[in-house]
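The values are calculated or read from the model by the stated rules, or taken from the named source; none is laboratory data. Every value quoted in this text rests on a predicted model; they were computed, and no experiment measured them. Cβ placement follows ideal geometry from the backbone for every residue including glycine, while neighbour counts extend to all protein chains displayed. Protein only, heavy atoms only, side chains kept; ligands, DNA and RNA dropped before computing areas. Shrake-Rupley method; radii C 1.70, N 1.55, O 1.52, S 1.80 Å.
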There are 2 protein chains.
Amino acid sequence: MTTTRLTKLLEPLQTSGWDALTLNPSPSLTYLTGLHFHLSERPVVAIFTADHAPVIVLPELEMLKLNGLPYEITAFPYPENPAEWDGVFRRAVQSLRLDGKRIGVEPRAMRLLEFRHVKAGAPDADFPDASDVVSRLRVRKDADEIAAMRKAVKVAQSALEATLPLLKVGMSEKELAAELVVQLLRNGSQSEMPFAPIVSGGPNSANPHASPSERRLQPGDLLVVDWGACVDGYISDLTRTFAVREVEAEYRKIHQIVLEANAAGRAAAKPGVPCANVDKAAREVIEKAGYGLYFTHRTGHGIGMEGHEEPYMRGDNMQLLEPGMAFTVEPGIYLPGSNGVRIEDNVVITEDGAECLSYMLRELRVVG
Amino acid sequence: MTTTRLTKLLEPLQTSGWDALTLNPSPSLTYLTGLHFHLSERPVVAIFTADHAPVIVLPELEMLKLNGLPYEITAFPYPENPAEWDGVFRRAVQSLRLDGKRIGVEPRAMRLLEFRHVKAGAPDADFPDASDVVSRLRVRKDADEIAAMRKAVKVAQSALEATLPLLKVGMSEKELAAELVVQLLRNGSQSEMPFAPIVSGGPNSANPHASPSERRLQPGDLLVVDWGACVDGYISDLTRTFAVREVEAEYRKIHQIVLEANAAGRAAAKPGVPCANVDKAAREVIEKAGYGLYFTHRTGHGIGMEGHEEPYMRGDNMQLLEPGMAFTVEPGIYLPGSNGVRIEDNVVITEDGAECLSYMLRELRVVG
């Protein structure tokens, strides 16, 4: 599969206006090469051109990772002493004669650490943003990728179902989050998860990006759980909102509105329509109900190897949906200083519509 | 504490040859400001100068994080539409009149995503590498930081002790790693851990950076477990090597050599000596035993908020150890295609020597 993916690069290398693509450790690097490196203080860079085997600069102690690759790669390993790294990088970049050329980069992944080493070997090169082209290669998921995401959804759902019976009034958000992570692992998630679960109760639920705190669950809280699993390198990203015992009528009302917005967003997803339509469909429900000001973020983001990737469900994004695109639909209402609701599902575009990979009950469940 | 830390920046801002420091989401940003952001496709940048309150550019939906900060900060929030981000960044950078000035960066953390936005607001600025100065601020741990690291060591040790009774011949490396992560969480680690445990048996143990695989533990394997916990934002990073039932005499021999190298490295650690001495002391033991070629990495790295930070225990590093510096001592012997050993402890320099925070049994234990 990876050999096929490397050949996917040939067309953009000939038509995108750049002569090479350089990647540091990132999902795109793993997608194209099958190689996985951690971001660390030791720079790793791969450079792809149309005419040569890929070049990789890496620490000597990572060389074993190249054993048995199903394609040719030219390695420039460097020793432990950082004083020697720049020379190795220069030789690698110069071997491809890239000075004065256009070398595509992914600004969201590439650090100055790697970039400056590459630039030292090609000081007069341009470094155009290749993100759109590279994400274009990754955006239509194949059957294997969708199968992995389906598993990641299943693992996440089972993990939360296994956690809910343990949820009690008086438990802290952190305790609940730790238990959920345990259940994610027990149910089959890889240990390197895409993000730490958000478990936020009461006023914290009104912060869409809250981190689990020491606050203890109280009767009357809304409880937002935003969690996901990782299976075979692909992730799920779901949210459900619960009522801790009896909650105010307005909280039940905003939950119902978000539930309808979530359904409307999912219903709008099909091939050939702009991403904006998904956002608009969900947002319209919330605006009509008078809570438009309190839906403070976009309706969704792409998922795959990353928690956030293309395509983005924003009102200004006219990118057309295509079969194989996978993303979240996650409208919310956040009442500042009060409580919040979000309901998030994972959707993949099919030939004639969309399939929702997640199916855990969305209606307001009473817990605790 | 954080206000004190911000004042630590004043001296380098006046003497280090740069007019400002710019940071993206990173441990240094958290250390200085107490703020924690995830790296995402939404850029976040803080800029510090001697004359103004810190400036931060961030997504509108992250603004709640600034509530209740114990110091003044000037926020430039941007909306969801990426087309508007550059304008907000320009206004933020221009508000500090930094064009043509010197703006320090941390190349190991700063991505082109954030860097290009800052540069757009100061196109003629220089961006010198400020890593050494910033890491200098963080390198001497205070009592609170050491207390957190001590807890992180204790949690890690308890977690592995709780995992060992479950270890059986026939278990896969992945299964064992997942169980260890569960025990790390049960024993009190934060769920965002600094690194996924390495669990590598038999030939995989000869790869210092192996990822847990489907390979099942077999009698005769050496088993390397490299793991750590995170408590209050500070980490531990330990390694122990086990014998799965009866192992070859040479494996027992290399374990004994590494054990002595580990002790020699720890014994060499005290204030006023170069980092190189710690590396040399450990390496000499392995070289004298005839295995120098098979100790393929440095002897250690600093730890704290990050898994790898200053100071580095390398033979060429003449940086002097100072009280409060914390690092790993982790010599190893890796016999390619055969088996490997590593023994790693966490050490902190005291006024008159060094304290080893980790105390789990280092001798070769038989498991399975």
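General remarks:
- Rounded, prolate or oblate (a/c below 1.5 giving rounded, otherwise prolate when a/b exceeds b/c) for the protein assembly as shown by Cα gyration tensor: rounded
- Region A:9-55: C-alpha gyration tensor shape, a/c 1.5 cut-off, then a/b vs b/c: prolate
- For region A:65-78, 3J(HN,Hα) computed residue by residue from phi via the Karplus equation (6.51, -1.76, 1.60; θ = phi - 60°) reads 5, 7, 4, x, 5, x, 8, 6, 8, 9, 9, 10, x, 10 Hz, glycine and proline entered as x.
- Cα-based shape type of region A:320-360, given that a ≥ b ≥ c are square roots of the gyration tensor eigenvalues and the cut on a/c is 1.5: prolate
- Surface accessible to a 1.4 Å probe, per residue, for the residues of the protein assembly as shown, Å²: 37
- Computed with a 1.4 angstrom probe on protein heavy atoms, the A-B interface buries about 3800 square angstrom of accessible area in total.
- Partners for A:LYS288 among lysines (Cα-Cα distance below 27 Å; same-chain residues under 8 apart left out): A:LYS253, A:LYS270, A:LYS280
- Cα radius of gyration and Dmax for region B:139-293 (Å): 16.8, 48
- Entry note, region A:23-146: relative contact order of 22 percent, from Cα contacts under 8 Å with a spacing of 6+ residues.
- Drop in accessible area of at least 40 Å² in the complex versus isolated chain, residues of region A:89-112, 1.4 Å probe: A:PRO107, A:ARG108, A:ARG111, A:LEU112
- 1.4 Å probe, heavy atoms, protein only - residues of region B:296-311 losing at least 20 Å² accessible area vs chain alone: B:THR296, B:HIS297, B:ARG298, B:HIS308
- Computed over Cα pairs, the Kirkwood radius of region B:76-154 leads via Stokes-Einstein (1.306 mPa s, 10 °C) to a diffusion coefficient of 106 µm² per second.
- Counting only residues at least eight positions apart within a chain, or on another chain, the lysines with an alpha carbon under 20 Å from that of B:LYS154 are A:LYS174, B:LYS141.
- Heavy-atom surface analysis with a 1.4 Å probe gives chain A a carbon and sulfur content of 51 percent of its accessible area.
- Label distances, nm, A:ASP316 versus same residue in remaining copies, Cβ-directed 7 Å point: 4.8
- With N as its number of residues, chain A has a Cα radius of gyration that, divided by 2.2 N^0.38 Å, comes to 1.10.
- Among the GluC sites (Glu not before Pro) within region B:195-256, those in coil by DSSP and having at most 14 neighbouring Cβ atoms inside 10 Å are B:GLU214, B:GLU246, B:GLU248.
- Each other copy places its own label point for A:LEU166 at 1.1 nm from this one, sorted shortest first, where the point lies 7 Å along the Cα-to-beta carbon line.
- Here A:ASP51 yields copy-to-copy label distances, from shortest upward, of 5.2 nm, the label point defined as 7 Å from Cα along Cα to C-beta.
- Gap separating the Cα centres of region B:285-351 and region A:247-293, nearest whole Å: 54
- Region A:143-367, relative contact order [Cα under 8 Å, separation at least 6], %: 23
- Bridge type composition, region B:2-138 - antiparallel percent by DSSP, nearest 5: 45
- By the rule of a C-alpha distance below 12 Å, with chain neighbours fewer than 8 residues away ignored, the aspartates and glutamates paired with A:LYS101 are A:ASP19, A:ASP124, A:ASP126.
- For the segment A:318-326, counting C-beta atoms of other chains within 10 Å of every residue's C-beta and taking the mean gives 0.
- Rounded FRET efficiency, nearest 0.05, which uses the C-beta distance separating B:THR7 from B:ALA147 and R0 of 22 Å: 0.50
- Debye log10 I(q)/I(0) for region B:1-117, one point scatterer per Cα, at q = 0.11, 0.13 Å⁻¹: -0.32, -0.46
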